[in-house]
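Derivation of every value follows stated rules applied to the coordinates shown; laboratory data play no part. Not measured: the values here are computed from a predicted model. A quick note on method: Cβ atoms are made from the backbone with ideal geometry, for glycine too, and the neighbour counts reach across all protein chains shown.
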Amino acid sequence: PLDISWFTESMRAGRPVEILDRHKVQEQQIDEAEVVAFSVPSYACLRRTTLDNHNPVLTDALSLLAENAELSDEDGRGVAFRRAAAVLKALPEPVTGVTQLRGLPCLGGHSLRVIRDILENGASSEVEFTKQSERFKALKVLTDIFGVGAKTAERWIRDGIHSLHQLQESGQTLNRAQQAGLEHYDDLKQPVTKAEADAIGEIVEEAVVSVLPGAQITLIGGFRRGKLTGHDVDFLITHPEEVLSLQGFLLYQKTTRNSYLEAKDGPARPASNMDRFERCFSIFKLADAEKRGTKQTENTPEDTCRLAAHSRWRAVRVDLVVSPISQFAFALLGWTGSKLFERELRRWAGHEKAMSLSSHALYDNKQGRYLKATSEEEIFTYLGLEYIPPSERNA
Ligand code: DCT
Ligand code: MG
């Protein structure tokens, strides 16, 4: 009989991928000796996914279809493509034929068709068609505006607006976020570098600590997972209620209050999708590197005008999340990402452990109580998972 202990062992250990090497296969005299098979656990939170992706062409194609589905209000299809892409990201080497994918989880007929198309013809007709489609291009351009979601873009497209120029000419009323988004469109489309993230981190830290001595500022999101660029910079600030004194640095800000009350709220899963942190989506004004050399102090309105007129700076999306100390570990785990890794953690908690995990707390449905944690490691332990460091959460 086929010895699969290597597989069950790695499943138990939560180890990602075990490659069935050719020699082992030949020893076992399996017919498909030429096929290198992969195996991957189906929950992304059982896998270690680094940034070292061996199948970028395939994962880019599936991610594009995921994005198109998400922009078209087809979240189910979006998640299916995201899961398929994430499985390929976890493979230890490039896929060369679809037979290698036999038995892998999360690869439905649709995703397999796309993969086969690319492996056999060099491209997927569906992906190429989507990329060229006027609708997809318009959805992309419009949702790239800070403050514009899929629903708004959809409405504008129905009104015949497909480009920024048409939007500006249309006389549509834009809210403050969208006005700022349009104004800084080109800047915000430029990826943010780690150096820029660090520079912003220093400014945020100084501002926060001056108001809240002892506050903790942690870089979260993609940069915490080791990414070198991002679409924004995400920070977790551990302190309950104070308003940040970043006037002069923020070109746009919108804060939401933390309305989470453990005692009153019952299970951790919030009623709406929106996490109930005090949160500030902002557009940050970051001076060019040479300007940053000198210590930045708070800008007066005159400074801001002068800076705008004479010196060079760029706008950067900055997402500030504030959490009370008691929720720190949950916020850290919940905001480090990737989005799919987070989704899979919550699915694992709910389906396999009868627990509700959010960015605020972990609730054990069987015991009927909240489980306290002060570190991410403790939360993984409660969930019966091997600890996965941020750099391996890039599902
Ligand atoms: N997050 C999540 N679910 C969402 C949105 C966000 O779990 N619907 C979490 C996971 C990542 C973190 O918040 C920050 O979000 P983004 O900045 O959108 O993601 P990112 O991984 O930091 O990507 P990028 O590097 O492009 O900023
Ligand atoms: Mg981010």
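For this structure, a couple of remarks:
- Qualifying trypsin sites (Lys or Arg not before Pro) in segment 321-395, DSSP loop, other Cβ atoms within 10 Å at most 16: K366, K372
- For segment 109-221, diffusion coefficient by Stokes-Einstein and Kirkwood Rh (Cα), 25 °C, 0.890 mPa s, µm²/s: 139
- Calculated on alpha-carbon atoms, Rg and Dmax of segment 44-176 in Å: 17.3, 54
- Rounded FRET efficiency, nearest 0.05, which uses the C-beta distance separating T374 from Q132 and R0 of 51 Å: 0.50
- Size descriptors for segment 180-222, from the alpha-carbon set: Rg then Dmax equal 13.2, 37 Å.
- Taken over segment 111-153, the convex hull of the Cα atoms encloses 82 Å³ per residue.
- Net lengthening on full extension, H351/D144 (0.36 nm per residue, minus Cα-Cα): 71.1 nm
- The Cα trace of segment 157-240 gives Rg and Dmax of 17.4, 52 Å, the first to one decimal, the second as a whole number.
- Stokes-Einstein D (µm²/s) once Rh is taken as the Kirkwood radius of segment 83-132 over alpha-carbon pairs, at 10 °C in 1.306 mPa s: 139
- Least to most buried among E93, E205 (fewest other Cβ within 10 Å first): E93, E205
- The ellipsoid equivalent to the alpha-carbon distribution of segment 47-125 has semi-axes of 19, 15, 12 angstrom, derived from the gyration tensor eigenvalues as √(5λ) and listed largest first.
- FRET efficiency estimate (nearest 0.05) - Cβ-Cβ, R312 to S42, R0 51 angstrom: 0.55
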